[in-house]
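Scroll down for the structure; my scribbles are underneath it.
The values are calculated or read from the model by the stated rules, or taken from the named source; none is laboratory data. Just so it is clear, the model here is predicted, and its values are computed rather than measured. So basically every Cβ, Gly included, is an ideal-geometry build from the backbone, and we count neighbours across all protein chains shown.
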Amino acid sequence: MPNYRLTIQYDGGRYKGWQKLGNTENTIQGKLERVLAELVDEDTEIIGCSRTDAGVHAFAQIANFHTGRHFSEAEVMEYFNQYLPEDISIIDVNIVSDRFHSRYNAKSKTYLYKIWNKEYSNPFMRKYSMHVAENLNIADMLKAGSCFIGEHDFTAYSNAKSKKKSMVRNIISIDIEEEDGFINIRIAGDGFLYNMVRKIVGTLISVGLGEIKTKDIPNIIDLGVRKETGVMAEPGGLYLQKIEY
């Protein structure tokens, strides 16, 4: 039974996130599975590596599916791109080992967050970045970012309701750079909790504005109190950038 690996790009602005929901078809997974069902003539689950939130985008989401039907990689890619909406594209298809699992085999994920840091808004990127009009202190944000590196219990940085699953995650790196009016924040880790990246970015913004002190971050993490993390960054500025296997 062939196992197909997909590399997917999408503008998540009008979707309820990656994961298929029972009360709506307006998800990335839902749109993909609807097209796939027509191709293979059966209901087939598409397994995504990262369950991106509502409004979040992806440069390179990885997913896979198994089917008893046999198609070439080119046939699968052509069919998806013919029938998917224009804000979702399949940019690569590979037939992979039967044991490949897009989520369980992933070693790390990198997210990019874009902040437009000017007094005036950016008309062309207003849906794809967060506008912060006040000047942000990048040096302070970099120092604050180092507090998240390593393995921690990130209960304070998630809206996940389940108390049974581990909240421990390992942050590999946080890089911050300025580019033509944008502040780009890249966060790499072995995995992320629900809303975790947006809440970390929110804390970094609060540090950049002088509202939270870097020295207070370790205590916020250790106490696990969600209300102490500051505002949560808007979804439109967040992109799933790459996944390592």
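Summary of values
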{"read-out": "Hey, Glu33 touching a helix residue (DSSP H, G or I) at 6+ places or on another chain (Cβ under 8 Å), without any contact (Cβ under 8 Å) to a residue 60 or more places away in the chain, not assigned by TED's automatic domain parsing to the domain that holds Met196 and not small (Gly, Ala, Ser) or not", "value": "no"}
{"read-out": "Flag for Gly230 being among the small types (Gly, Ala, Ser), at negative phi and buried (at least 18 other Cβ atoms within 10 Å of the Cβ)", "value": "no"}
{"read-out": "Residues of the range 186-204 that turn out to be touching a residue at least 60 places away in the same chain (Cβ under 8 Å) and more than 21 Å from Cys49 (Cα to Cα), as a count", "value": "2"}
{"read-out": "Scan of the range 73-103 for residues that are loosely packed, with under 13 Cβ neighbours inside 10 Å, of a type in the set (Asp, Glu) and under 24 Å from His57 (Cβ atoms), ordered by number", "value": "Glu86"}
{"read-out": "Pair list, Cβ under 7 Å, 6 or more apart: the range 61-75 residue touching a residue at least 40 places away in the same chain (Cβ under 8 Å) and under 14 Å from Ile90 (Cα atoms), other residue assigned to a strand (DSSP E or B) and small (Gly, Ala, Ser)", "value": "Gln61/Gly48; Ala63/Gly48"}
{"read-out": "Tally, over the range 146-166, of residues that are out of contact with any Pro (no Cβ under 8 Å at 6 or more places or on another chain), touching a residue at least 40 places away in the same chain (Cβ under 8 Å) and either surrounded by 20 or more Cβ atoms within 10 Å (Cβ to Cβ) or not in a strand (DSSP E or B) (or both)", "value": "7"}
{"read-out": "Residue list for the range 104-123, filter: polar (S, T, N, Q) and crowded, with 18+ Cβ neighbours inside 10 Å", "value": "Thr110, Asn117"}
{"read-out": "Residue ID - nearest to the chain's Cα centre (by Cα), chosen from residues in the range 10-26 that are more than 12 Å from Pro235 (Cβ to Cβ) and outside any loop (DSSP other than H, G, I, E, B)", "value": "Tyr10"}
{"read-out": "Matching residues in the range 171-196 - criterion: being aromatic (Phe, Trp, Tyr) and more than 24 Å from Arg103 (Cβ to Cβ)", "value": "Phe182"}
{"read-out": "Qualifying position, being more than 30 Å from Asp190 (Cα to Cα) and among the acidic types (Asp, Glu), among Glu73, Glu38", "value": "Glu38"}
{"read-out": "Residue selected from the range 179-194 under the condition over 14 Å from Phe148 (Cβ atoms) and of a type in the set (D, E, K, R), by the criterion surrounded by the most Cβ atoms within 10 Å (Cβ to Cβ)", "value": "Glu179"}
{"read-out": "Number of the condition not met by Asp87 [criteria: (1) in contact with a Leu (Cβ under 9 Å, 6 or more places away or on another chain); (2) touching a residue at least 24 places away in the same chain (Cβ under 8 Å)]", "value": "(1)"}
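Let's see how each residue does on (1) of a type in the set (Gly, Ala, Ser); (2) within 15 Å of Gly237 (Cα to Cα); (3) not assigned by TED's automatic domain parsing to the domain that holds Gly191:
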site	(1), (2), (3)
Gly48	yes, no, yes
Val56	no, yes, yes
Ala60	yes, no, yes
Asn64	no, no, yes
Glu73	no, no, yes
Pro85	no, no, yes
Ile91	no, no, yes
Ser121	yes, yes, no
Arg126	no, yes, no
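Okay, residues lined up against (1) modelled with pLDDT of 95 or more; (2) crowded, with 22+ Cβ neighbours inside 10 Å; (3) farther than 28 Å from Ala58 by Cα:
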| residue | (1), (2), (3) |
| --- | --- |
| Met196 | yes, yes, no |
| Ile205 | yes, yes, no |
| Gly224 | no, no, yes |
| Leu240 | yes, yes, no |
| Glu244 | yes, no, no |
